[in-house]
Amino acid sequence: MVKTKNLTKYYDDPRGGTVRALDGIDFEARPGEIFGLLGPNGAGKTTTLRILSTLLRPSGGRAVVAGFDCLRQPAQVRRNIGFMSVNTAVYDRMTAWEMVEYFGLLYGWTREQLRPRMEHLFDRLKMNEIRDVPGGRMSTGMKQKVSIARALVHDPPVLIFDEPTSGLDVLVARNLLQTIRELRDQGKCIIFSTHIMREVEKLCDRVAILCRGRILTQGTPDELRRHFGEDDLEEIFFRLITEAELVRNGDGREQGERPHSHRRRGETEGTVEAPGAAPNPRTKEMRKS
């Protein structure tokens, strides 16, 4: 399971003040589901995933992965996650087998433990024909397979994908999405970051829409459709992002001050949650005040 509570990340602005990359986000992803983080560039998706993978320290709040605190127990978190993005590198001079084995050894597995695990992965991902191919001679699709095997070699319960299909051709992207779907069916907890609506509709069990470091809404795709009275998820996405940007730029607030999120008439400020979605404690507190 992955859970964040009031997660924040601030950076110093060279022009003075601070930049809020994350502004108090709460969400929970469960085993056996794909939780989508959807937002435009600069929304805070990658910052969130870097905190979950212990590459960044949060400025405030808490993030827990597989029962371990990302700030206090980073080594245990790393043992329980697999991370992949389109920018995951492969080494030019190492073969596919050598590369996957190398990362398995880094996770503390012996070669004797790794061999049956790697044979299974290479069979499942149809990688046997490239096991002796060096990274420098691999196609994009081959590199993606190696990156997936790298993320899976230690059999982690949590998998994090940061826009993994960006720049891929249609066939490679399709195969990757199918693999992610199969991993979900095996009980893995998967965080999937994207800005491609079609991927959300095909893949995600639940989704959170981010804009400028805040979650505007979250729930299952069907919950979002019912809540906003709109069948098209892309239309919901653009409506929320457009209104959030208009509020930020046109309501007379100082830059950096918290804007109102999109809400129906009569709702108070806070994250809008679709009916049936996990309640947000911050929203409840705001409504009591």
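The values are calculated or read from the model by the stated rules, or taken from the named source; none is laboratory data. Model, not experiment: these values are computed from the prediction. A quick note on method: Cβ atoms are made from the backbone with ideal geometry, for glycine too, and the neighbour counts reach across all protein chains shown.
Here are the numbers for this structure:
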quantity	calculated
Flag if THR110 is farther than 12 Å from SER147 by Cα and without any contact (Cβ under 8 Å) to a residue 24 or more places away in the chain	yes
Test: residue in the range 131-139 that is in a helix (DSSP H, G or I), crowded, with 16+ Cβ neighbours inside 10 Å and touching a strand residue (DSSP E or B) at 6+ places or on another chain (Cβ under 8 Å)	yes
Some residue of the range 2-17 being closer than 26 Å to LYS202 by Cβ, among the aliphatic types (A, V, I, L, M) and either over 16 Å from the mean Cα position of the chain (by Cα) or modelled with pLDDT of 95 or more (or both)	yes
Condition met for LEU125 (at pLDDT below 95 and surrounded by 12 or more Cβ atoms within 10 Å (Cβ to Cβ))	yes
Failed item, numbered, when LEU55 is tested on (1) among the aliphatic types (A, V, I, L, M); (2) touching a residue at least 24 places away in the same chain (Cβ under 8 Å); (3) over 30 Å from GLU243 (Cβ atoms)	(2)
Meets criteria (at pLDDT 95 or above, closer than 30 Å to SER139 by Cβ and of a type in the set (S, T, N, Q)) for THR95	yes
Residue in the range 71-80 that is touching a Leu at 6+ places or on another chain (Cβ under 7 Å), surrounded by 14 or more Cβ atoms within 10 Å (Cβ to Cβ) and either at pLDDT 95 or above or not aromatic (Phe, Trp, Tyr) (or both) present	no
Among (1) at pLDDT below 90; (2) touching a Gly at 6+ places or on another chain (Cβ under 7 Å); (3) under 23 Å from TRP109 (Cβ atoms) - the single one VAL172 does not satisfy	(3)
Every pair of residues 6+ apart whose Cβ atoms lie under 8 Å, when the first sits in the range 73-85 and is on the phi < 0 side of the Ramachandran plot while the second is of a type in the set (Phe, Trp, Tyr) and in a loop (DSSP other than H, G, I, E, B)	ARG79/TYR107
Qualifying position, being in contact with a Leu (Cβ under 9 Å, 6 or more places away or on another chain) and part of a helix (DSSP H, G or I), among GLN113, GLN178, GLN144	GLN144
Cβ pairs under 7 Å, 6+ apart, first in the range 197-212 and under 22 Å from THR179 (Cα atoms), second acidic (Asp, Glu)	MET197/GLU234; ASP205/GLU33; ARG206/GLU33
ARG117 vs. criteria more than 26 Å from GLU33 (Cβ to Cβ) and charged (D, E, K, R)	no
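Yes or no, residue by residue, for (1) within 16 Å of the chain's Cα centre (by Cα); (2) more than 24 Å from TYR10 (Cβ to Cβ); (3) free of Cβ contacts under 8 Å to residues at least 40 places away in the same chain:
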residue	(1), (2), (3)
ARG20	no, no, no
ILE25	yes, no, no
THR46	yes, no, no
LEU71	no, no, yes
THR88	yes, yes, no
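Residues checked against (1) in a helix (DSSP H, G or I); (2) hydrophobic (A, V, I, L, M, F, W, C); (3) modelled with pLDDT under 90; (4) over 23 Å from ALA29 (Cβ atoms):
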site: LEU121; (1), (2), (3), (4): yes, yes, no, yes
site: ASP155; (1), (2), (3), (4): no, no, no, no
site: SER166; (1), (2), (3), (4): no, no, yes, no
site: THR217; (1), (2), (3), (4): no, no, no, no
